[in-house]
Every structure is written in structure tokens, then in C-alpha cells.
Amino acid sequence: QVQLVESGGGLVQPGGSLRLSCAASGTIFSINTMGWYRQAPGKERELVAVRINGYLANYADSVKGRFAISRDNAKNTVYLQMNGLKPEDTAVYYCTLRQETGDYWGKGTLVTVSS
């Protein structure tokens, strides 16, 4: 079993920054993908950024150049540095891990961008 715990969400003004963290525990395989999705009110969940096997990264077009995903494989932790935040970035952000035993999700952390 795998557990994911997110932290770092909160209220920030437009143009501000936040750093999300997600710590994975349990049976973690060395080959996996970790990343972030988000879901805004009334919208479907969408990909934000994922890191594949710790090397390749994929970003949604809407966050390219503003967000950066990184991993600490020794700690089984993934981070999302979010800069230049916009009101449209407001959403619940979910951490995800995919490995051969399945897909796992955290409970989410709320990010609100508002003045």
C-alpha cells in the first residue's frame, strides 16, 4: 500500500509563489512516476506536471515557465514550485504516484490565488 501526503497549499496574491510537497510512504518501487494534478471548482481534474522515473518532466502548457517539478528520490518526495501564480491557478492540487502496483492519489491541498 502507498500513502501520499501533500502540504504547502494556502492563500497567495497574484504574482506570488508557493511550494507544494508530497511525501510518499509504503511500498515504493524504484521505477515510478510522481506528479501533480489539479481540480478547480466546476472543472475536471487536469495534469499540472509529472516527473517520470525522476528524469523526464512533462508540464501542462498553462504552467510552463512558471511551475517546476522536482523530486528527492531518497525521501520519496516530490515538489512543485509555483511562481507567477494567477487566479486561474486556484484549485485543489493532488499528488499522484504511478507504479506497477497501480495509481495512488493524495487527499489534495487547496491553493487559492486572490487579492
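The values are calculated or read from the model by the stated rules, or taken from the named source; none is laboratory data. In this text, all values refer to a predicted model and were calculated from it rather than measured experimentally. All Cβ positions, glycine included, derive from the backbone under ideal geometry; neighbour counts span all protein chains shown. Each accessible area value is taken on the protein alone, full model and side chains, heavy atoms only, with ligands, DNA and RNA left out. Shrake-Rupley method; radii C 1.70, N 1.55, O 1.52, S 1.80 Å.
Remarks
- Cα-Cα pairs of region 61-115 separated by more than 18 Å (percent): 44 percent
- Neighbour net charge for Y59 - beta-carbon separation under 11 angstrom, K R +1, D E -1: +2
- The chain, relative contact order in percent, only Cα pairs under 8 angstrom and at least six apart counted: 37 percent
- Sorted largest first by accessible area at a 1.4 angstrom probe radius, with every protein chain in place, the residues T109, T101 fall in the order T101, T109.
- Nonpolar atom fraction for the chain, defined as the carbon and sulfur part of the 1.4 Å probe accessible area, stands at 49 percent.
- For T90, distant residues with modelled amide H under 5 Å away: V113
- Counted residue by residue at 0.36 nm each, then reduced by the alpha carbon distance between them, the extension gain from A74 to L11 reaches 19.7 nm.
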